[in-house]
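**Student:** My structure is below; once you've seen it, I'll send some questions.
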Amino acid sequence: MKTSSPPVLACLRPGQNLSCYSVGIATLSAQKDSLLLALILLVTVAQTLSAQQFRYTNTIFPSSTVMTDVVYDNAPFLDALYIDESATTSQDLVMDIYQPTGDAFNNRAAIIFAHSGAFINGNRNHDDMIAACDSFARKGYVTATIDYRKGFYPLSNTDLHGTRAVYRGIQDGRAAVRFLRANAATYGIDPNRVYLAGSSAGSFISLHSIYLDDPDEKPEFAGPVSYVDIIPPFFFNGPDLGDLDVGNNLGVSGRPNGIVAWWGAIEGTDIITPGDSEGVFLAHGTDDSTVPFNSGPAFNFPLFPDVFGSNPINARLDELGLTNKETYFLEGGVHEFHGATNGAWNNGSGGNAFWDTLVQKTSLFLWRQHKPTAGFSSSNTGLSVSFTDQTVGNPISWSWDFGDGTSSTLQDPTHIYTQPQTYLVSLYVENPNHSWDTISQFIDLSPVLPVTWSEPLSGQPVLKGIELSWGISQAVDHAGFEVERRGESGRFVLIDKVAELVNSRTTQRFRAIDLNPKPGLNYYRIKQIDLDGSYDYSQVVAVEWKGANQNFTVFPNPNDGIFTVERNADAGAQELLVYNQLGVLVLQRILRNELDMVEMNGLPDGVYFLRIAGEANGQRILVR
């Protein structure tokens, strides 16, 4: 048997009988979210799913069931008008808990949602909080929407009152986490998979619940305070608010396993430290005037203290090398760009188009926090192939598709094929949370033919189409190459031929261009044919085509800081602008030719955005 190809495809296969060939690149994190979700949907349509398949990413339950007015703790609420920090009344803190209707599984991940309202108003029944709880419950989560303490006097001593209002909210958010952990058995929850999500003020709670974790980081105003106000009796005192974890269920941690922050901010990026490794999802509009995307006072109100939004938070995480994060930054987006104002739908019935995207991106992020990572290896004797599961993340079930219409649920099966050819083998696994992953590999059982491949097939988009290249170091009795692309039926079809070769023992390189690629992922392989009619295949490569409307392409990408920009030959002189991740212009170059080489002149490794001056579209590159 030839050496098995590396994992090149991930087939999002819902069951052992699926004979799906096209699905996506193996390393799911490298895919764009829209592509990944489209592939999940493709497979969902292809098979009838059971309630335990593709949990947490697909909507697999028809409805959710809600349990209302669940008391999760009791705390001192600040009395209106919220001026006197010592005037409090003890009240219950309540949540509504959503579960998938008819779901008997009892080891589920959970998400707690905290509403918007500037710590002045709002409640757990906001439209977007109800919609989020229902949407994620139908994906298989247990969800909860919470009330937390409001009470913020914004007209004087703003920094003091604001700090204490946020701190009380953080305490309540962590109390909700502790409640679900302490009552995990009652609600069918894995206590090690409890996430905290928030919108606007609620995201101040979720972010600080993990980043304000050191006692030394406790704000001064969260301790005992004395202050003067213009309202009698003029002189006021406020008690120490205590630790972050106060109240009930102190035997379990209030720190969530990951957080979601929709248009939120923190008091300062210095509270993010190397030990803050929980996953974080940041969504924010770049033109948010309520909670700044960068930094400044909330509402642009000068009496409010500066806060630091998603962009500097993301930059700080990059600085510390904390990679368990994802972002959804909407260029030109405003506060609550999902179609709501203070949690109420603007149209009265539901979110806008960005709401669906927000839910999709959030669900993929959370799934990645608790999914296993599928993997396997194989070895063979003739047509008998032994498969070894190498999944990371405590798999408890396996579903193999051997690519020839047969399957297995063993962890390490052995399979005997009937024909010496290439097969696409897929493995679908689940862990104790019923979270899943899948991977596919091509297993090549073709007979060895007299061509030695020296350079594997590779592909990249260029201005006119997709360019393919490969190399061989030996050719004996070789007739030529055929370039094949997989069609909609799943079969590979001929799209080009490469001239015959003479016998050679020297390295030879070849190139072909597909001038008519399909939008999205295109899958290619090279068929090499011998004079006696026997043939062999290269490995399969996947190349994404975004369309011919792009005004330039960059290759290679990723690169080491030196790359080529390709434009239309008649484009004339144009200025190339290069921006770093903070949106700062760091490089300008004049392009004069169809192909121009650009050097980054020692700029640090990272992601950069390139565009032509005067053009709206651009491309991202990775320098490493």
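The values are calculated or read from the model by the stated rules, or taken from the named source; none is laboratory data. Computed from a predicted structure; not experimentally measured. Neighbour counts are summed over all protein chains in view; Cβ atoms, including those assigned to glycine, are modelled from backbone coordinates with ideal geometry. All accessible areas refer to the heavy atoms of the entire protein, side chains included, with ligands and DNA or RNA removed. Shrake-Rupley method; radii C 1.70, N 1.55, O 1.52, S 1.80 Å.
**Student:** Among the residues that make up segment 189-199, is at least one of them assigned to a helix (DSSP H, G or I) and either buried (at least 24 other Cβ atoms within 10 Å of the Cβ) or within 24 Å of the chain's Cα centre (by Cα) (or both)?
**Tutor:** Checked against the condition, which is being assigned to a helix (DSSP H, G or I) and either buried (at least 24 other Cβ atoms within 10 Å of the Cβ) or within 24 Å of the chain's Cα centre (by Cα) (or both), segment 189-199 yields no hits at all.
**Student:** Considering only segment 281-306, state which residues are in contact (Cβ under 8 Å) with a residue 60 or more places away in the chain and in contact with a helix residue (DSSP H, G or I) (Cβ under 7 Å, 6 or more places away or on another chain).
**Tutor:** F281, A283, T290, V291, L303, F304, P305, listed by residue number.
**Student:** Of the residues D288, D240, which is assigned to a loop (DSSP other than H, G, I, E, B), within 26 Å of H338 (Cβ to Cβ) and at pLDDT 95 or above? Quick ask: steps written out before the conclusion?
**Tutor:** Details: D240 fails: within 26 Å of H338 (Cβ to Cβ).
Just one listed residue meets the conditions, D288.
**Student:** Now a separate question. Has segment 304-314 got any residue that is more than 19 Å from D134 (Cα to Cα), surrounded by 15 or more Cβ atoms within 10 Å (Cβ to Cβ) and among the acidic types (D, E)?
**Tutor:** Checked against the condition, which is being more than 19 Å from D134 (Cα to Cα), surrounded by 15 or more Cβ atoms within 10 Å (Cβ to Cβ) and among the acidic types (D, E), segment 304-314 yields no hits at all.
**Student:** Moving on to the next point. Could you check how many residues of segment 445-470 are open to solvent by less than 30 Å² (accessible area, probe 1.4 Å) and modelled with pLDDT of 85 or more? Spell out how you get there, then give the answer.
**Tutor:** First pass over segment 445-470, keeping only residues open to solvent by less than 30 Å² (accessible area, probe 1.4 Å): 445-446, 449, 451, 457, 462-463, 465-466, 468, 470.
From the residues that got through so far, the ones that are modelled with pLDDT of 85 or more too are 445, 457, 466, 468, 470.
Of the residues in segment 445-470, 5 are open to solvent by less than 30 Å² (accessible area, probe 1.4 Å) and modelled with pLDDT of 85 or more.
**Student:** Can we say L427 is under 30 Å from I120 (Cα atoms) and surrounded by 21 or more Cβ atoms within 10 Å (Cβ to Cβ)? Write out each step before concluding.
**Tutor:** Working: under 30 Å from I120 (Cα atoms): no; surrounded by 21 or more Cβ atoms within 10 Å (Cβ to Cβ): yes.
No; evaluated as a whole, the condition is false for this residue.
**Student:** Another question about this same structure. Output the residues belonging to segment 84-138 that are under 21 Å from V166 (Cβ atoms), among the polar types (S, T, N, Q) and in contact (Cβ under 8 Å) with a residue 24 or more places away in the chain.
**Tutor:** Within segment 84-138, S86, S116, N121, N123 qualify.
**Student:** Within segment 221-238, is there a residue that is touching a Leu at 6+ places or on another chain (Cβ under 7 Å), open to solvent by 20 Å² or more (accessible area, probe 1.4 Å) and among the aromatic types (F, W, Y)?
**Tutor:** Taking segment 221-238 and keeping what is touching a Leu at 6+ places or on another chain (Cβ under 7 Å), we get 221-222, 225, 227.
Within this subset, residues satisfying the condition of being open to solvent by 20 Å² or more (accessible area, probe 1.4 Å) are 221.
The next check asks that each one be among the aromatic types (F, W, Y); those that pass are 221.
Yes - at least one qualifying residue is present in segment 221-238.
**Student:** Out of curiosity, is T273 over 27 Å from S363 (Cβ atoms), in a loop (DSSP other than H, G, I, E, B) and of a type outside the set (G, A, S)? Reasoning before the result, please.
**Tutor:** Values: over 27 Å from S363 (Cβ atoms): yes; in a loop (DSSP other than H, G, I, E, B): yes; of a type outside the set (G, A, S): yes.
Yes, satisfied.
**Student:** Looking at F387, F376 in this structure, which one is under 30 Å from L424 (Cα atoms), open to solvent by less than 40 Å² (accessible area, probe 1.4 Å) and in contact with a Pro (Cβ under 6 Å, 6 or more places away or on another chain)?
**Tutor:** Of F387, F376, the one residue that is under 30 Å from L424 (Cα atoms), open to solvent by less than 40 Å² (accessible area, probe 1.4 Å) and in contact with a Pro (Cβ under 6 Å, 6 or more places away or on another chain) is F387.
**Student:** Only one residue in E326, E331 is in contact (Cβ under 8 Å) with a residue 12 or more places away in the chain and under 13 Å from the mean Cα position of the chain (by Cα), so which one is that?
**Tutor:** Details: E331 fails: under 13 Å from the mean Cα position of the chain (by Cα).
Sole residue among the options that is in contact (Cβ under 8 Å) with a residue 12 or more places away in the chain and under 13 Å from the mean Cα position of the chain (by Cα): E326.
**Student:** Run down I97, I146, I111 and say which single residue is open to solvent by less than 30 Å² (accessible area, probe 1.4 Å), aliphatic (A, V, I, L, M) and closer than 19 Å to L358 by Cβ.
**Tutor:** I111
**Student:** Sticking with this one: Sort out which residues of segment 400-421 are out of contact with any Ser or Thr (no Cβ under 6 Å at 6 or more places or on another chain) and in a strand (DSSP E or B), and write them in order of number.
**Tutor:** Matches in segment 400-421: S407, S408, H415.
**Student:** Turning to a different aspect of this structure: Select from segment 537-551 the residues that are over 16 Å from E467 (Cβ atoms) and at pLDDT 80 or above and write down the one among them that is least open to solvent (accessible area, probe 1.4 Å).
**Tutor:** Ranking the candidates gives V540 first.
**Student:** May I pose another question? Restricting attention to segment 329-337, does a residue exist that is part of a strand (DSSP E or B), more than 19 Å from D159 (Cα to Cα), open to solvent by 20 Å² or more (accessible area, probe 1.4 Å) and in contact with a strand residue (DSSP E or B) (Cβ under 8 Å, 6 or more places away or on another chain)? Lay out the reasoning, then the answer.
**Tutor:** Taking segment 329-337 first, the residues part of a strand (DSSP E or B) are 329-330.
From what is left, the residues that are more than 19 Å from D159 (Cα to Cα) are 329-330.
Checking which are open to solvent by 20 Å² or more (accessible area, probe 1.4 Å) leaves us with 329-330.
Those still in the list that are in contact with a strand residue (DSSP E or B) (Cβ under 8 Å, 6 or more places away or on another chain) too: 329-330.
Checking segment 329-337: at least one residue is part of a strand (DSSP E or B), more than 19 Å from D159 (Cα to Cα), open to solvent by 20 Å² or more (accessible area, probe 1.4 Å) and in contact with a strand residue (DSSP E or B) (Cβ under 8 Å, 6 or more places away or on another chain).
**Student:** How many residues are touching a strand residue (DSSP E or B) at 6+ places or on another chain (Cβ under 9 Å) and under 10 Å from D128 (Cα atoms) if we restrict to segment 338-353?
**Tutor:** Looking only at that region, the number is 5.
**Student:** Separate question: Looking only at residues that are in contact with a Phe, Trp or Tyr (Cβ under 7 Å, 6 or more places away or on another chain) and part of a loop (DSSP other than H, G, I, E, B) in segment 558-582, which one is surrounded by the fewest Cβ atoms within 10 Å (Cβ to Cβ)? I'd like the intermediate steps shown before the answer.
**Tutor:** From segment 558-582, those in contact with a Phe, Trp or Tyr (Cβ under 7 Å, 6 or more places away or on another chain) are 563-567, 578-580; that's our starting set.
Checking which are part of a loop (DSSP other than H, G, I, E, B) leaves us with 567, 580.
On the way: R567: 21, N580: 16.
The qualifying residue surrounded by the fewest Cβ atoms within 10 Å (Cβ to Cβ) is N580.
**Student:** Can you spot a residue in segment 122-129 that is crowded, with 22+ Cβ neighbours inside 10 Å and outside any loop (DSSP other than H, G, I, E, B)?
**Tutor:** Checked against the condition, which is being crowded, with 22+ Cβ neighbours inside 10 Å and outside any loop (DSSP other than H, G, I, E, B), segment 122-129 yields at least one hit.
**Student:** Provide a single number: the residues in segment 472-494 that are more than 13 Å from Q528 (Cα to Cα) and touching a Leu at 6+ places or on another chain (Cβ under 9 Å).
**Tutor:** The qualifying residues number 1.
**Student:** Next question, about the same structure. How many residues are crowded, with 21+ Cβ neighbours inside 10 Å and over 21 Å from P256 (Cβ atoms) if we restrict to segment 161-175?
**Tutor:** So the answer is 3.
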